[in-house]
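All remarks here apply to the structure that follows.
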Amino acid sequence: MTEDPSTDGYLAGQLLVAMPQMLDERFVKTVIYMCAHSQGGAMGLVVNKILDEINFPDLLDQLDLRPSSGGDDIRVHFGGPVEAGRGFVLHSSDYRQEATMVIDEQIALTATTDILRDIAEGDGPKSSLLALGYAGWGPGQLDAEIQANGWLSVDADPGLIFDYDPDKVWQRALAKIGIDVSMLSGDAGHA
């Protein structure tokens with residue numbers, strides 16, 4: 001029997017929202033979709049940082065993928081600092097192949113060139129996000145960062161994950177749990 005991730009203390013299928021006191025420049029004002037989180041560690045993809053130095057057609061050329069028809073053109077995201085040359089497609093669960101990892105009833109993850117070809121040909125998922133690299137944590141590391149007030153957990157929302165205006169995702173994720181960004185302080189304190 002699989003335990004419900006919302007009750008077992010693990011955050012797979014949730015969003016992590018960086019708090020203002022986040023010291024790691026790579027994660028300032030980031031929102032991360034958590035693909036996996038267990039006793040052994042965690043893995044997620046940043047959903048609100050676009051890479052300006054590469055676009056989807058250039059990436060297809062680099063991979064020697066030549067789509068036969070004009071399909072979708074998606075933006076390439078900074079998924080995180082780990083394995084920055086490796087691509088991941090976070091997408092709606094309407095698309096599945098053998099290598100697809102279904103995270104919940106709405107979201108799945110595929111890391112094959114087949115999905116890139118399908119997107120380019122217009123046969124991909126309804127919604128998708130291409131990320132290079134990922135955010136990873138070793139055993140207990142993410143839990144310690146959360147306890148140090150580095151991250152907040154927010155229920156995932158496809159509207160936030162696949163938002164076409166990533167500059168607003170951080171604020172919208174915080175607003176979802178009733179936090180007004182203008183009221184947050186970058187100074188952490190404990191009573």
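The values are calculated or read from the model by the stated rules, or taken from the named source; none is laboratory data. Since the model is a prediction, treat every value here as computed from it, not as a measurement. Note that each Cβ is placed from the backbone with ideal geometry, even for glycine, and that neighbours are counted across all protein chains shown.
Side notes on the structure shown:
- Screening Ala84, Ala36 for residues that are part of a strand (DSSP E or B) and surrounded by fewer than 16 Cβ atoms within 10 Å (Cβ to Cβ) leaves exactly one candidate, Ala84.
- Checked against the criterion of being part of a loop (DSSP other than H, G, I, E, B), of a type in the set (D, E, K, R), touching a residue at least 60 places away in the same chain (Cβ under 8 Å) and under 26 Å from Leu174 (Cβ atoms), the candidates Asp52, Asp104 yield just one match: Asp104.
- Being more than 24 Å from Ala173 (Cα to Cα) and not aromatic (Phe, Trp, Tyr) is a description that applies to Arg86.
- Condition met for Ala111 (hydrophobic (A, V, I, L, M, F, W, C), under 24 Å from Leu15 (Cα atoms) and either at pLDDT 95 or above or surrounded by 13 or more Cβ atoms within 10 Å (Cβ to Cβ) (or both)): yes
- As a summary of the residue check, Gly136 satisfies the conditions (1) in a strand (DSSP E or B); (2) free of Cβ contacts under 8 Å to residues at least 60 places away in the same chain except for the one numbered (2).
- Residue within the stretch 153-173 that is outside any helix (DSSP H, G or I) and on the phi > 0 side of the Ramachandran plot present: no
- Long-range neighbours under 9 Å by Cβ, at least six apart or interchain, first residue of a type outside the set (Asp, Glu) within the stretch 163-179, second surrounded by fewer than 18 Cβ atoms within 10 Å (Cβ to Cβ) and assigned to a helix (DSSP H, G or I): Trp170/Val181; Gln171/Val181; Arg172/Gly159; Leu174/Val181; Ala175/Val181
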